[in-house]
Amino acid sequence: MRIVYFGSGAFGLPTLRALAASHTIAAIVTQPDRPAGRGHKLSQTPVAQWAAEHLPEVPILKPEKASAPDVVNDIRSRGADAFVVIAFGQKLSPALLDGVFAINLHASLLPRWRGAAPINAAILAGDSQTGNSVITLAERIDAGLILGQSRWAIEPATTAGELHDLLAEDGPALVSDVLRRHAEGRLRPVVQDESLVTIAPKMSKRDAWIDFHQPASIARQRTHAYNPWPGVTVMLEGQPLKLLRVQCEPRDSQQPSQPGLLVDVDGGLVECAGPDRLRLVEVQPAGGRAMPWSAFIRGHRPGGDAFLTGGPGA
């Protein structure tokens, strides 16, 4: 099968790798090079970088607008049997899609978590499971017909970075199955239930906080949902501390809680509202590396009662 691949982010790389091994990649369409880093040097997308190294014979197109007439004509001239779209970053026009079997891999169990950050949203909401969906492309974002889905449990310790990698590696089998069933005429598209739609908005650095006046479960969900980016940061004795991994533990006392109080310095146990406390497992001090709490506290032992402070204004 001749495929034009549309993608920019690293999430789609395992699928692109698998497609290149079993199909003909007629072209790769990705976002233009953008300034990045402190020096603002032009940087290619992860897809462009990988393709330049591993598929040097495949044309790489980097249009500012994939819907521009000349770009549409170029892509359609490639004679593709299918378009595969994964984390591309641009909307494809009806003129481009007309008459072509086009599918999109989306990292959620649609119709739950349409939008920019479905992996983070699932962890943030405390969902017990998520997965991938392969859908047709539609006028409204992520609203196409469901052609296939996979399901995975979300464990309490799972971070967004880990879930991203798991779902990325799950993509090839699901996409390949949909392409195979399409070729065999066995697809049975399912219409999404609009009453079950939830939206996963784009993340921001403004999200990088937790509040110990909320239950520990909420603090855990926020910590893991925003790891690795933007991360959640609290203050300990006037110094910022990024929390990378935490866990909830039942309080062993019925005394009123003092949110943010470090009740067990060596164990990293912090008071929160509600029935549980938050245990700090892995942290990263400003300008330092990620480390277990036990390693951090050996060099940053507070004097007397210590409070961690957080919240939107932290």
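Computed from the coordinates by the stated procedures, all read-outs in this text should not be read as laboratory data. Computed from a prediction, not measured in an experiment: that's the story for all the values here. We place every Cβ from the backbone using ideal geometry, glycine too, and count neighbours over all the protein chains shown.
Considering only Cα atoms, the convex hull volume of the stretch 28-106 works out to 110 Å³ per residue. Rounded to the nearest 10 degrees, the inclination of helix 216-225 to the longest alpha-carbon principal axis of the chain is 40 degrees. The alpha carbon radius of gyration of the stretch 264-314, expressed as a multiple of 2.2 N^0.38 Å, is 1.20. For a straight C-alpha distance cut-off of 29 angstrom, the lysines reachable from LYS242 (same-chain residues fewer than eight places away being disregarded) are LYS41, LYS202, LYS205.
The ranking of VAL58, VAL47 from fewest to most other beta carbons within 10 Å of each one's beta carbon is VAL58, VAL47. In this entry, the stretch 160-314 is assigned a mean projected area of 12.8 nm², taken as a quarter of its C-alpha convex hull surface. Summarising the amide proton neighbourhood of LEU145: residues at separation of 5 or more, or on other chains, whose placed amide H is nearer than 5 Å comprise THR136. P(r) tail, the chain: Cα-Cα pairs separated by more than 36 Å, 30% of all pairs. Just checking the listed ones, LYS202, LYS41, LYS65: in the Gaussian network model of the chain with Cα springs under 10 Å, the one fluctuating most is LYS41.
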